[in-house]
């Protein structure tokens, strides 16, 4: 995730940078070197995007990303062998780790059943034998059908998983931070704290609305 952008930009490119960043999360343009606002799919938006996907494999790919919070590269690497035959678990090769990490992550029973049914019609080993670019095009089409007008990216499922998990688990307790860090595969706890800060901000906004 990019936390800072536009560092050391030439003066003639500053305006272009601000124009591009004006839509990141629906916030005003920010100057070069400041933080991007993390944008994510809410629980309702992610369901709408999945339902609006035009093909079965895209629905399942987005569903996997929503339920597990994995990166797009990790999701595209899933094979038949990664689906546990005896439990609702999916094996993931974690990216952005110095040491290679392979671990099983839980999925919902509904998604597990859909994946098992989907595999019956596959010829190869890869569940999603597609390129990242194709996934992005499919996501943009689904988001448009779902009525989402802001720019979208596959990582918004991952951001949404973390933020919604933090809201569900309730706060910034050390145990909550540890659970989300493990589920997301974050190497540094500071990365997890970004999502906990978002939940704190949302709580503050909700209190202000009540007071108003």
Original post:
Of all residues in the stretch 73-101 being in contact with a helix residue (DSSP H, G or I) (Cβ under 9 Å, 6 or more places away or on another chain) and part of a strand (DSSP E or B), which is modelled with the lowest pLDDT?
Top reply: 94
Original post:
Checking residue 115 against (1) touching a strand residue (DSSP E or B) at 6+ places or on another chain (Cβ under 7 Å); (2) at pLDDT below 90; (3) part of a helix (DSSP H, G or I), which test does it fail?
Top reply: (2)
Original post:
Restricting the search to the stretch 64-79, which residues are in contact with a strand residue (DSSP E or B) (Cβ under 8 Å, 6 or more places away or on another chain) and either surrounded by fewer than 17 Cβ atoms within 10 Å (Cβ to Cβ) or free of Cβ contacts under 8 Å to residues at least 12 places away in the same chain (or both)?
Top reply: 79
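Of all residues in the stretch 102-112, which are outside any helix (DSSP H, G or I) and loosely packed, with under 13 Cβ neighbours inside 10 Å?
102, 103
Just to be sure before I move on: is residue 56 surrounded by fewer than 17 Cβ atoms within 10 Å (Cβ to Cβ), under 19 Å from residue 131 (Cα atoms) and modelled with pLDDT of 90 or more in the structure I sent? Give the derivation first.
Numbers: surrounded by fewer than 17 Cβ atoms within 10 Å (Cβ to Cβ): yes; under 19 Å from residue 131 (Cα atoms): yes; modelled with pLDDT of 90 or more: yes.
Yes, satisfied.
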Subject >> First in the stretch 135-153 and more than 18 Å from residue 75 (Cα to Cα), second anywhere and at pLDDT below 95 and buried (at least 20 other Cβ atoms within 10 Å of the Cβ), Cβ under 7 Å, 6 or more apart >> reply: 143/152
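The values are calculated or read from the model by the stated rules, or taken from the named source; none is laboratory data. Being a predicted model, the structure only gives us computed values, none of them experimental. Neighbour counts run over all protein chains shown; Cβ positions are idealised from the backbone, glycine included.
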